[in-house]
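Here's the structure we're looking at; comments come further down.
The values are calculated or read from the model by the stated rules, or taken from the named source; none is laboratory data. Nothing here was measured: the structure is a model prediction, and the numbers come from that model. Note that we place each Cβ from the backbone using ideal geometry, even for glycine, and neighbour counts take in every protein chain shown. Ligands, DNA and RNA are stripped out before the accessible areas are found, and what is left, the full protein with its side chains, is counted by its heavy atoms. Shrake-Rupley method; radii C 1.70, N 1.55, O 1.52, S 1.80 Å.
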Amino acid sequence: MAKKNRGKLLNKLPARGRGKCPLCEKTGIKLLYPYRTETNTLIQVCKNCRKK
Ligand SMILES: [Zn+2]
């Protein structure tokens, strides 16, 4: 897969793709990966929480 989460694309995202991960509660991390929760809601999580 191409590097789709890098470079200038981040500047277009709110807070440049950074924020607080809802799963690990790490702050200032890039939230780039969609994750479906138990309540069937799609949220953005960090790379550490991407793997299932
Ligand atoms: Zn996380």
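Calculated FRET efficiency, K20 to N40, Cβ-Cβ distance, R0 = 25 Å: about 0.70 to the nearest 0.05.
Taking amide H atoms as placed 1.01 Å from N in the peptide plane, the amide H of R18 lies under 5 Å from those of L31, each 5 or more residues away in sequence or on another chain. Mind listing the phi-derived Karplus ³J(HN,Hα) values for the range 14-22, rounded to whole Hz, using 6.51, -1.76 and 1.60 with θ = phi - 60°, and x for any glycine or proline? With the stated coefficients, the range 14-22 comes to x, 6, 6, x, 9, x, 9, 6, x Hz.
Across the chain, C-alpha contacts under 8 Å between residues 6 or more apart give a mean separation that, scaled by the residue count, equals a relative contact order of 25 percent.
Here each label is just a point 7 Å from Cα along the line to Cβ, and for T27 and K8 those points are 3.2 nm apart. Looking at the chain, the accessible area is 85 square angstrom per residue; that uses a 1.4 Å probe and ignores ligands, DNA and RNA.
For the range 6-11, backbone phi angles converted through the Karplus equation (6.51, -1.76, 1.60; θ = phi - 60°) give residue-by-residue couplings of 10, x, 5, 4, 5, 5 Hz, Gly and Pro being listed as x.
Within the accessible surface of the chain, defined with a 1.4 Å probe on protein heavy atoms only, the carbon and sulfur portion equals 51 percent. Of all lysines in the structure, those lying under 19 Å Cα to Cα from K26, and not within fewer than 8 positions of it along the same chain, are K47, K51, K52.
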